[in-house]
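To start, the structure itself, in structure tokens.
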Amino acid sequence: MNATDLRADILKHLEFSLGKDLAHATLYDIRMALTLAVRDRVVTPWFAATRATYAAKSKRVYYLSMEFLIGRLLEDAIHNLGLMQAAQEAMTSLDADFAAVLADEPDAALGNGGLGRLAACFLDSMSTLGCPGYGYGIRYEHGLFRQSFHEGRQVEEAENWLRQRHGWEFERPEAAFQIGFGGSVSEAGKTALWTPGEAVIAKAYDTPTIGWQGKWANTLRLWGAEPVRAFDLAAFNQGDYAGAAGLEAAARTISRVLYPDDTTDTGKELRLKQEFFFTAASLRDIVRRFQAEHSDLRALPTKAAIQLNDTHPAIAGPELVRILHDENDMPLDEAILTARATLSYTNHTLLPEALERWPEALMARVLPRHMQLIERIEDTHRSAYPKSAVRIVEGGDVKMGELSFIMGHKVNGVSALHSDLVKTTVFAELHALHPDRIINQTNGVTPRRWMLGANPRLSALITDTISSGWVADLERLRELEPHVADAGFMAAFADAKRANKVELSNWFGHEHGQSVDPDAMYDVQIKRFHEYKRQHLNILETIALWTEMRDNPNAGWTPRVKIFGGKAAPGYVMAKEIIHLINDVATVINADPVTSQWLKVVYPPNYNVSMAEKLIPAADLSEQISTAGKEASGTGNMKFALNGALTIGTLDGANVEIREQVGAENFFLFGMTAPEVVACRENPEHQADAIKASPRLKAALKLIEKGIFSDGDDKRYKAILKNLRKHDYFTVCADFDSYYDCQRQVDAAYRDADQWMRMAALNTARSGWFSSDRTILGYMADVWDIKPMI
Ligand code: 475
């Protein structure tokens, strides 16, 4: 494929798809024309993959997820199709700035954080590996809110990615299902007949997801909600215009907005309706596809593997039983067994507040037949294990974790440590009954986006050194190891890192009016704001370091830029106060004439996938400092290590495995282990004791209290201070000294630039195991029983 052909197609789309003359084309027009020209090239392999799957009647995987945090697609597709050079040349020939064209694409932010981004990496790997499958989710009109800061406080604004045409999707008006809610249930022989009281239409929108080198493509099918009838003509004719449109508005509400709550349960009826809406539509589609090829639904588990991404689609259990039993007359016991053999469940969090529960009364009102079936599922489980105290319905709530566990043939955690904790904590009783059900599949990230796309400089060096096989076989990065002894390679590695840092600094300069010294250490913490992720531990250490620098200006400080990024759920007050504190601290520290040569704090607003792609390749230090036992895995930690940043971290989530892979000598470990944290909490004075023992921590807290960062306002951070001094569930105080000391070891290590770069290069060389290709191969072998088609 050459630039001339691509250029001709771009011009064709400009004229016939967009109705624009090149002379009047805007950046948007050029971007859309390029998108459509690239999309054309996705369609052929997409059809071929679909035809091959149908021809072989292959088993398919269906990945059900409330969230797909995809980001931009254009550059990724160009890479996967090998069109980079052609696209660059075509853009130049049209006098367009290629980088600006790529940056014009809005991020598809249909997710909150780790769980949604993991789903996006999985789609990429499934397509790269030729694993036939579909992602199923919701086509939210508004993705995750846009964040800005007003006087240091987070302000949320609705995001509007669909204001422009979404160039990648194909609307499928013919693929639509009616989804009911409420109503009543009547007995119909052995089964039951559910007559919903209201209904909406779920309409499909398909986005092809192309794999590496265009060898395979799968489909991401997102459902949009529409009214069954467009509007009430009678009301309109009587002049009631708002009333006439009300039906439509009510129906569309279901796919209107992504819930911005990451790891806290919201318990809202609309959320339950969203969950049922996309799960039911997806199951109808899956069963329809099965029945087009096969007649006996008992064979469903041999042809479909349905993965539940956390409990959000957990209603799939009872809904599949309802389809098999009520609609297809399969005996109940057999329907339960068939559904279980088809379904499996991934747990992403142990935080008790994040484990979904729905009030029984709400469930019975919104999904009356499902409530009955949940009770039948529970009865069946109880008669099989009469001595067990496990209940799905308890204290007036339906517990979606228990439901998912009981209705899945495999349950997996997302890192080795997390899967062990799943066995010993939340699902200990169920694990004792079903000892083979819980398995581990450690998360991974796609090297196409997180190295090839995000870090072209390092990618080019790697390819020059070991050729390009690493892109689809990331373990081959090990071949870099011998080159770490080669001064030429190491100089090139350091040059790539430095160039990435210069680029980031320039971006900070023109986007946020604050460029930073590329020779300083870039110390980065980017992730959702949560007390368990402990951004406040990081900012407390920053305050303590600043104090030390002022007291000791001639100590030979290692220059550092502390970079933060991330959003807090709009209702999470404590997380929002931590954001405010970081911005306040940044204002004071950055203005200090003595220390600002060594210490800066930068917090660009509205962190998203595209910002991560800029920050990660430029990072020297990766902050993975959660309270041990709380971060299920983390995936940002993997992206940093892959891009040659060293980790400062606790023994939590996948940090444990990262440290094993890269070597303990190339990882900065601090803090308590998960069992030590549990033991520490036995002492109700753990925070007071830690503060007493640490003059530095005590002084840092005091500075906040005195209003040093809040214009003398000594009340502003009362809640944070009180929490740390009185309660401190996340053991910030108990881990503080260990963290501070570890950071000073980091300072010392950074001063030996050559040695630091060797450690960085070893992180890259030894991160191959964290490819999501490895993760997906694990699911295919251990959970889905599916073989690659290519
Ligand atoms: C973990 N999101 C990470 C990542 O496995 C892990 C919860 C409720 C509602 C909406 N979103 C959520 C999560 O629970 C989530 O993102 N969990 C994360 O999953 C992938 O790497 O440790 O916190």
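The values are calculated or read from the model by the stated rules, or taken from the named source; none is laboratory data. Small disclaimer: the values here were computed from a predicted structure and weren't measured. Counting neighbours? That spans all protein chains shown, and the Cβs are built from the backbone with ideal geometry, glycine included.
May I ask you to list the residues in region 328-358 that are within 16 Å of the ligand (Cβ to nearest atom) and part of a helix (DSSP H, G or I)? Within region 328-358, Pro352, Glu353, Ala354 meet the criteria. Counting the residues of region 432-461 that are within 27 Å of Gln755 (Cβ to Cβ) and without any contact (Cβ under 8 Å) to a residue 40 or more places away in the chain gives 4. Among the numbered conditions (1) under 25 Å from the mean Cα position of the chain (by Cα); (2) more than 16 Å from the ligand (Cβ to nearest atom); (3) not in a loop (DSSP other than H, G, I, E, B), the only one that Asp29 does not meet is (1).
Considering region 269-285, the residues that are within 12 Å of the ligand (Cβ to nearest atom) and either more than 15 Å from Glu226 (Cβ to Cβ) or outside the structural domain of Leu297 (by TED's automatic domain parsing) (or both) include one that is surrounded by the most Cβ atoms within 10 Å (Cβ to Cβ), namely Glu275. Selection of region 606-632 for residues being touching a helix residue (DSSP H, G or I) at 6+ places or on another chain (Cβ under 6 Å), within 11 Å of the ligand (Cβ to nearest atom) and either of a type in the set (S, T, N, Q) or not assigned by TED's automatic domain parsing to the domain that holds Ala568 (or both) yields only Gln624.
For region 111-155, taking the residues that are among the basic types (Lys, Arg) and assigned to a strand (DSSP E or B), the one that is nearest to the ligand (Cβ to nearest atom) is identified as Arg146.
Hey, among the residues in region 513-538 that are out of contact with any strand residue (DSSP E or B) (no Cβ under 7 Å at 6 or more places or on another chain) and in a helix (DSSP H, G or I), which one's surrounded by the most Cβ atoms within 10 Å (Cβ to Cβ)? If you could, list the steps in order and put the result at the bottom.
First, the residues of region 513-538 that are out of contact with any strand residue (DSSP E or B) (no Cβ under 7 Å at 6 or more places or on another chain): 513, 515, 517-519, 527-534, 536-537.
After this cut, where a residue has to be in a helix (DSSP H, G or I) as well, the list is 536-537.
On the way: His536: 22, Leu537: 26.
Across region 513-538, the extreme among qualifying residues is Leu537.
Just one of (1) in contact with a Leu (Cβ under 7 Å, 6 or more places away or on another chain); (2) of a type in the set (Val, Ile, Thr); (3) away from the ligand (no atom under 15 Å from the Cβ) fails for Val393. It is (1).
Listed by first and then second residue, the pairs linking a residue in region 753-766 that is farther than 14 Å from Gly663 by Cβ to a residue that is among the aromatic types (Phe, Trp, Tyr) and at pLDDT 95 or above, with Cβ atoms under 7 Å apart and 6 or more places separating them unless they lie on different chains, are Trp756/Tyr750; Met757/Phe493. In region 100-110, what residues are closer than 30 Å to Ala251 by Cβ and either away from the ligand (no atom under 12 Å from the Cβ) or out of contact with any helix residue (DSSP H, G or I) (no Cβ under 8 Å at 6 or more places or on another chain) (or both)? Within region 100-110, Glu105, Pro106, Asp107, Ala108, Ala109 meet the criteria.
Taking every residue in region 659-679 that is touching a residue at least 24 places away in the same chain (Cβ under 8 Å) and pairing it with any residue that is of a type in the set (Phe, Trp, Tyr) and buried (at least 20 other Cβ atoms within 10 Å of the Cβ), at least 6 positions away or on another chain, the pairs with Cβ-Cβ distances below 9 Å are Gln661/Phe770; Phe670/Tyr739; Phe670/Tyr740; Gly671/Tyr739; Val677/Phe730.
Mind checking which residues of region 428-445 are of a type outside the set (Val, Ile, Thr) and within 16 Å of the ligand (Cβ to nearest atom)? Break it down stepwise before answering.
Restricting attention to region 428-445, the residues satisfying the condition of being of a type outside the set (Val, Ile, Thr) are 428-437, 440-441, 443-444.
Asn440, Gln441, Asn443, Gly444 - these are the residues of region 428-445 that are of a type outside the set (Val, Ile, Thr) and within 16 Å of the ligand (Cβ to nearest atom).
Count of region 363-409 residues, restricted to those that are closer than 14 Å to Gly317 by Cβ, outside any helix (DSSP H, G or I) and not small (Gly, Ala, Ser), is 7.
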